[in-house]
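The values are calculated or read from the model by the stated rules, or taken from the named source; none is laboratory data. Just so it is clear, the structure is predicted and the values come from calculations on it, not from any experiment. Positions of Cβ are generated from backbone atoms using ideal geometry, with glycine treated the same way; all protein chains shown enter the neighbour counts.
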Amino acid sequence: MDGGNIAAGRLRVRVSTAGDSIPVEGAVVYVRLLGAPGDDRLVYSLRTDGSGQTATVTLPVPGDAAGDRDPEPAGFFGVKIMKEGYRDAEYSSVPVYAGVTSLIEAELVPVSEEDRLSDVPPRAEIFPGQREPSLFGEGGGV
């Protein structure tokens, strides 16, 4: 924000899976205010309910707090959604306007068994006399 007048906008997140047919309960939703590079700050940590929705939260956005209904400018937020067993969903530069409730409808994709196995880092061993670790299956002399 540029230090001008601050107004408020609102944000709600709805999370589902299986082509939007099953709500995802217990997903964690992080909302960050986007600032200068490296200057983002967490403003909310939310959790979805049984209907897959978060509470509606109020966020600071530039504008005239006296009731300026002009849809510009917006505040920009980063939103990350996580749930064990699913791939994370991340949204950057989500615009939130003064006096408006923005809705993110996110679909989480389940992680397959193959994805789970590929997330395991390769093992490394250090053999006596060897300075660098050697990944299994790679050559490396002792």
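Given (1) modelled with pLDDT of 90 or more; (2) within 16 Å of Glu105 (Cβ to Cβ), identify the lone condition not met by Gly50.
Only one criterion is unmet by Gly50, namely (2).
Under 8 Å by Cβ, and 6 or more places apart or on different chains, what pairs join a residue from region 20-35 that is farther than 12 Å from Val109 by Cα and part of a loop (DSSP other than H, G, I, E, B) with one that is acidic (Asp, Glu) and modelled with pLDDT under 95?
That search, which allows pairs on different chains as well, returns Leu34/Asp40.
Which members of region 79-111 meet the condition of being part of a loop (DSSP other than H, G, I, E, B), at positive phi and without any contact (Cβ under 8 Å) to a residue 60 or more places away in the chain?
As a first pass, look at region 79-111 and keep what is part of a loop (DSSP other than H, G, I, E, B): 83-85, 87-88, 98-100, 108-109, 111.
Keeping just the survivors that are at positive phi gives 85, 99.
Within region 79-111, just Gly85 meets the criteria.
Does region 73-114 hold any residues that are among the acidic types (Asp, Glu) and either closer than 22 Å to Gly52 by Cβ or modelled with pLDDT of 90 or more (or both), and which are they? Reasoning before the result, please.
Taking region 73-114 as the starting set, the residues that turn out to be among the acidic types (Asp, Glu) are 84, 88, 90, 105, 107, 113-114.
Listed by number, the residues that qualify are Glu84, Asp88, Glu90, Glu105, Glu107.
In region 21-38, is there at least one residue being modelled with pLDDT under 95 and farther than 26 Å from Ala74 by Cα?
yes
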